[in-house]
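Novice: Quick one: this structure, given as structure tokens, is what I'll be asking you about.
The values are calculated or read from the model by the stated rules, or taken from the named source; none is laboratory data. Just so it is clear, the model here is predicted, and its values are computed rather than measured. Positions of Cβ are backbone-derived with ideal geometry, glycine not excepted, and every protein chain shown enters the neighbour counts. To get the accessible areas, we keep the full protein, side chains included, count just its heavy atoms, and leave off ligands, DNA and RNA. Shrake-Rupley method; radii C 1.70, N 1.55, O 1.52, S 1.80 Å.
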Amino acid sequence: MNTAALRNHLLLAFVLLYFASVFRGVLFSTDGVFERDGFYHARYAQMLTERGLSRQFPWMQFTDWKENFADKDFLYHLILAPFCRDAAEPLPGAKWATLLLGMAAYLAFYIALVRLNVRWPIFWTVLLIVGSGIFLNRMLMVRSHVFSVLLMILSSWAIIRDKVWLCLVLGFVYAWSYSFPLAMVITAIAACAGRFALGERTLRTWQTAAAATGGVALGLVIHPYSPNTLTLVWTLVKIATSRAAGIPLELGSEFRPMLSSNAFSSGHALVAGLFSMLIEIPGPLLALSAAVMLAIFLKAGRLKDRRLSSESAAALGAALAWFAAIFVFSRLVEYLAPLATLAAALVCRDALAPENELPPRTQLTRYLATALASLMVLSGLYFLALQEVSELGYSTLPHGVAQMYINEAQWKSGRFFSDAKTGGAAEWMHAHLPADSTVLNFHWDDFTELYYDAPQFHYIVGLDPTLMRVPYPEQSATLEAMRTQQIPLDFAKLHQLFGADYMIMRSTRAATFPDLKNGVLRPVYADDGAVIYKLQGPEVRGQGSE
């Protein structure tokens, strides 16, 4: 190993250790998680060794998963399991696993750049880390997409380098690891389209796409949960169709497009929307813009003795595909960021003359100027990204009428249903309800914490409201109408539809319902975090209004 390579690797170690220290502080700034699914993944990983490959998931009674479960993130949960052995509190271990997966993704990105002979791999790696507040925020979530980003980086390198058999293997692994393994297929097809646009129009151009598709298909068929994996894919298709039909359900902000439909209502709104997007993802936008402009110059022969390579065309094709995708779901920036940064790195490699062709003085001047400019740009992006992460972490973005209604004290404690001093609603259920009884979680996004704090009980639905809407339309429609206060609360009706004797919700959410706020319907348990109501019995009226 030469001195320059050793110096770069030592610098990489310093960079990763620094960001690991900073991100650890963010992850552990709350005893819970600032996104709710982390509770589910931590508890599921902890229970994996005792449950094995069970095809049942009784914790969500009104979904197909109750009897036909398929773990859509199997390998991710397998990775989390050794970190989540503490049955009382598996979440801290899951946070450590998230930190390590994120650092592994950045390391893989750096190695891919080195193997692709990209200049300044440290710069591009740091640009990926700090270039987008949304991307950084998603990389700090205790969720399976962090592992998916790592797999996407490895897959992108295999696709760009035409590693056909490796694409087949990675496609198989992807299908065992993440609910949307088609992400790799999309990347492979878009990369082939980029090569096709460059002029490579042979059968070999599409071999990597075929290998990726075959690997994913094989992984879904030969799977620990097969054939339920295929049923799950069909369920996801039905869910997507339901959303396309405009079913009015509360969904997470990640399922919103990067630009809302209101952004196109006027020129002023569009400018404001584009400015907001620039603030949220400046690094990927700058990288993609630079890659496109330089690629046009190279393709037109404007740069003497330089040409656009097949590798760069493939990366740029994939990056443009994921750029288009963020206008459908903003969360897909998790694939745009690495692909846009990789495309920019490769196109710059093609556009710049080798440094050994330059005079020594010019080499030194270019090096100092590049280092200074890079430090300024990355510092600015880093500050902006941390500000964005802070705002997203404390955000109470409205999801329909059912906002999170979370204050700073609750955010730092991270819990609504458990309390270190009093035990909270979860402890009350342990003391008063028989194990395995069904409790109505009135809001679907409360499921993850309830499953984490009180796994002895069963609930209605969680993770995604359309998991109920598709197989149980009547129950879903009634619950949604009451939740959005289109019809009055009717405890007897809820008991009849769901067979639950008790209902639980956050205290602040209960305060938005007139009959619950004014005491017409009184809880059997209440604290600052949660309330519990009995749905049937002589003391409960069927209609919650005077």
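Novice: Taking 7 Å along the Cα-to-C-beta vector as the label spot, tell me the residue 117-residue 11 distance in nanometres, rounded to one decimal.
Specialist: Calculated label separation equals 2.0 nm.
Novice: Here is a further query. Nearest 0.05, what FRET efficiency do residue 222 and residue 86 give at R0 = 45 Å with Cβ-Cβ as r?
Specialist: Details: r = 33 Å, r/R0 = 0.73.
Calculated transfer efficiency: 0.85.
Novice: Something else: Which order do 44, 382 take by accessible area at a 1.4 Å probe, largest first?
Specialist: Order by accessible area, largest first: 382, 44.
Novice: Can you give me the Cα centroid spacing of region 150-207 and region 462-539 in angstrom?
Specialist: 46 Å
Novice: Between residue 477 and residue 256, what FRET efficiency follows from the Cβ-Cβ distance if R0 is 30 Å, with the result rounded to 0.05?
Specialist: Details: r = 23 Å, r/R0 = 0.76.
According to the calculation, E is roughly 0.85.
Novice: Just to confirm, what accessible area per residue do you get for region 93-182 at 1.4 Å probe, in whole Å²?
Specialist: Working: 2500 Å² over 90 residues.
Normalised by residue count, the accessible surface of region 93-182 is 28 Å².
Novice: Give me the percent of the accessible area of region 194-238 that comes from carbon and sulfur atoms, probe 1.4 Å, all protein chains in place. Kindly include the intermediate steps, with their values, before the conclusion.
Specialist: Details: 1690 of 2310 Å².
Whole-percent figure for carbon plus sulfur exposure: 73.
Novice: Here is a follow-up. How far is the Cα center of region 302-332 from the Cα center of region 31-91, in Å?
Specialist: Region 302-332 and region 31-91 have Cα centres separated by 36 Å.
Novice: A further question on this structure: Using only alpha carbons, build the gyration tensor for region 285-330 and give me the equivalent ellipsoid semi-axes, biggest first, whole Å.
Specialist: Working: eigenvalues 116, 22, 8 Å².
Listed largest to smallest, the semi-axes of region 285-330 are 24, 11, 6 Å.
Novice: May I ask you to list the trypsin sites (Lys or Arg not before Pro) in region 21-88 that are in a DSSP loop and have at most 15 other Cβ atoms within 10 Å of their Cβ? Intermediate values should be presented prior to the final figure.
Specialist: Numbers: sites: 24, 36, 43, 51, 55, 66, 72, 85; in loops: 36, 55, 72, 85.
Hits after loop and neighbour filter: 55, 85.
Novice: How would you order 166-178, 7-19 from highest to lowest mean count of nearby Cβ atoms within 10 Å? Spell out each step's value before the answer.
Specialist: Values: 166-178: 23.0, 7-19: 14.2.
Order by mean packing, descending: 166-178, 7-19.
Novice: At a 1.4 Å probe, what is the % contribution of carbon and sulfur to the accessible area of region 89-193? Numbers along the way, then the final one.
Specialist: On the way: 2190 of 2860 Å².
Accessible surface attributable to carbon and sulfur in region 89-193 totals 77 percent.
Novice: Can you give me the P(r) profile for region 1-106? Cα pairs, bins 10 angstrom wide beginning at 0, each as a whole percent.
Specialist: Binned Cα distances yield the sequence 13, 35, 27, 15, 7, 2, 0.
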